[in-house]
Amino acid sequence: MSSWSSNPGPPGAGCEGCPRAVAPRGALRPYAAPYPVGVVRRVAALEPPISQDDEKAKVDEARRTVLKLAVVAGAVAAMGGGGAMATHYLLSPPAAASYPRVQLLYSDASPVLVSSYPYGPSNTELILFNYPLDNEPNMLLNLAAAAPNGVGPNGSLVAFSAVCEHQGYQPPYISYYPPGSCLGFNGGNAFIHCTGHGSTYDPGVQASGGGAALITGPASLPLPQVILEWDSVTDYLYAIGMVGAPVFGHPGTLKGGSPVTSPVALAAPLTPEQQCP
């Protein structure tokens, strides 16, 4: 069982009163906390797993995949003409018909109000929510200046996938570094860094085709971006779509998991332990 806490703060606190969650160390792969869909939480960015163990896990997974494909191939041969349909059913996860429009809430069910969003540009707490599928976590960031697709009074509130495009590492291995975190890197500007293998992305620069521009590999694709919508009358915040490459590990950003329901909640954030690339 997980040792992470998911207790919300007092009503209306906007997670300011939420306890800090503690990420288990030594996990081979990105840790999935048992939060409701879209819940924002603070995640500690830890050292990557021991490479030997990681490689062993990859080999074991490859063996399991070969066995699964062998089973599917046998089923196809046995079913003849119906084999193609059977293969599609066994291998293809459900897909959402289109991007949903969902409101972002805090864990106490109070709405995220953009004009009074409590986490500023120097915040090191990692705020997450799942969208558009329940296994696609994203970072909600308040940058120091207006950014591509940014919303709010300053055009600085943005959101990006929290799944690294290299090998799919998720928080606590990938996190946001505010301006000045690493003065010798990216001109001292903010960036997103994955400690799994060192890939970095710039949330203030839009790549061709959309997403946070790639700064350094080994990733070869930009980080997908969530398109946000701000209702300036109510001050409410919505997620309405995504741009850029598909989320890593998914045949398409709308395929490979269950669609989120509306609205989506935010949970207690976590404070990352960060190191400069």
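The values are calculated or read from the model by the stated rules, or taken from the named source; none is laboratory data. Owing to the predicted nature of the structure, the values given are computational and were not obtained by experimental measurement. Virtual Cβ from ideal backbone geometry, glycine too; neighbours counted across all protein chains shown.
Here the condition is being in contact (Cβ under 8 Å) with a residue 60 or more places away in the chain, crowded, with 24+ Cβ neighbours inside 10 Å and over 13 Å from the mean Cα position of the chain (by Cα); of Pro203, Pro171, it holds for Pro203 alone. Can you name every residue in the stretch 102-149 that is of a type in the set (Gly, Ala, Ser) and surrounded by fewer than 21 Cβ atoms within 10 Å (Cβ to Cβ)? Residues satisfying the conditions are Ala109, Ser110, Ser115, Ser116, Gly120, Ser122, Ala144, Ala145, Ala146.
Considering every residue within the stretch 168-182, establish whether at least one is among the hydrophobic types (A, V, I, L, M, F, W, C), assigned by TED's automatic domain parsing to the domain that holds Leu126, closer than 17 Å to Val247 by Cβ and out of contact with any Cys (no Cβ under 9 Å at 6 or more places or on another chain). No - not one qualifying residue is present in the stretch 168-182.
Against the condition farther than 21 Å from Thr271 by Cα and surrounded by fewer than 22 Cβ atoms within 10 Å (Cβ to Cβ), how does Ala212 come out, does it pass? Taking the combined requirement at face value, the residue does not satisfy it.
On the stretch given as the stretch 167-190, residues that are farther than 12 Å from Met139 by Cβ and among the aromatic types (Phe, Trp, Tyr) total 3.
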